[in-house]
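The values are calculated or read from the model by the stated rules, or taken from the named source; none is laboratory data. Remember, it's a predicted structure, so these values are computed and weren't measured experimentally. With ideal geometry, Cβ positions are generated from the backbone for all residues, glycine too; neighbour counts draw on all protein chains shown.
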Amino acid sequence: MKQINLIGNGGHSKVIQDLIRLVPDFKINRIFDQKIQHVYTMTDIFYHPQMDLSQVSPSDDTFVIAIGDNHTRKKIYVAHQLLNFYETFNHPSAVISQQATIESGAVIMAGAVVQADAIVGAHTIINTRASVGHDCHIGAFAHIAPGATLTGNVKVGEGSMVGAGAVVIPGVSIGQWSTIGAGAVVTNDIPDYATAVGVPAKIRERSSQ
């Protein structure tokens, strides 16, 4: 049975823990989180402070960054690049085309759909019942929230967040580290570092980074 170590012990981690328990031949071994004060064991899982990551073996351990915040996921990845093996998990109820590409560390949640020739970047979250249409390209560290729909040939840049129930029409591009508000309908391209809300979505604010 393959041993999995999770980085993060918050709400998103709880969902990933449930997902892993549904996947045959995987077992949660350790959970690392900076809020854990000391090492302890519960239900055969070892809990460690974040600082203990330096003591693991990069060649022997498999990890998932189980944190919902996109910026934090990337910071952890950059800080611990020696941990170069990250597992990808797909919920058994997710529908994923054999022609889709799911990169290292990505997690596909319950009821999600990923269609033909879509690319889901490393450490990206496709959340519950989100739909990723054909030929979509989602960058690393992004998050497609529950019930969001990316129709065909949509591009989502690194670190961007598409909010719950949002819809992005075909061919639209969303830049890096941008946020699409819940329920928005995106009909035009959104630049980097922008926040867009409403129907149709309009840019509410932009930042330099």
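Can you name the condition, by its number, that Ala110 falls short on among (1) touching a residue at least 40 places away in the same chain (Cβ under 8 Å); (2) surrounded by 18 or more Cβ atoms within 10 Å (Cβ to Cβ)?
(2)
Please give the number of the condition Ala94 fails out of (1) among the hydrophobic types (A, V, I, L, M, F, W, C); (2) without any contact (Cβ under 8 Å) to a residue 40 or more places away in the chain; (3) more than 15 Å from Ile16 (Cβ to Cβ).
Only one criterion is unmet by Ala94, namely (3).
Within the stretch 166-181, restricting attention to residues that are in a loop (DSSP other than H, G, I, E, B) and in contact with a strand residue (DSSP E or B) (Cβ under 8 Å, 6 or more places away or on another chain), which residue is surrounded by the most Cβ atoms within 10 Å (Cβ to Cβ)?
In this case the residue turns out to be Ala166.
Identify the single condition in (1) modelled with pLDDT of 75 or more; (2) surrounded by 12 or more Cβ atoms within 10 Å (Cβ to Cβ); (3) hydrophobic (A, V, I, L, M, F, W, C) that Leu53 does not satisfy, given that it satisfies every other one.
The one condition Leu53 does not meet is (1).
From the list Thr187, Thr151, which one is in the same structural domain as Val95 (by TED's automatic domain parsing), among the polar types (S, T, N, Q) and under 23 Å from Gln99 (Cβ atoms)?
After applying the criteria, what remains is Thr151.
Consider Val120 carefully, then state whether it is farther than 21 Å from His12 by Cβ and surrounded by 24 or more Cβ atoms within 10 Å (Cβ to Cβ).
no
Would you please list the contacts, defined by Cβ atoms under 7 Å and residues six or more apart or on different chains, that run from a residue in the stretch 136-149 that is free of Cβ contacts under 8 Å to residues at least 24 places away in the same chain to a residue that is surrounded by fewer than 24 Cβ atoms within 10 Å (Cβ to Cβ) and in a strand (DSSP E or B)?
His137/Ile119; His137/Lys155; Ile138/Ile119; Thr149/Ser131; Thr149/Val167
All but one of (1) over 16 Å from the mean Cα position of the chain (by Cα); (2) outside the structural domain of Ile190 (by TED's automatic domain parsing) hold for Thr72; which doesn't?
Looking at each condition in turn, Thr72 falls short on (1).
Taking Ile36 as the residue in question, decide whether it is at pLDDT 75 or above and more than 24 Å from Thr101 (Cβ to Cβ).
Spelling it out, it is not the case that Ile36 is at pLDDT 75 or above and more than 24 Å from Thr101 (Cβ to Cβ).
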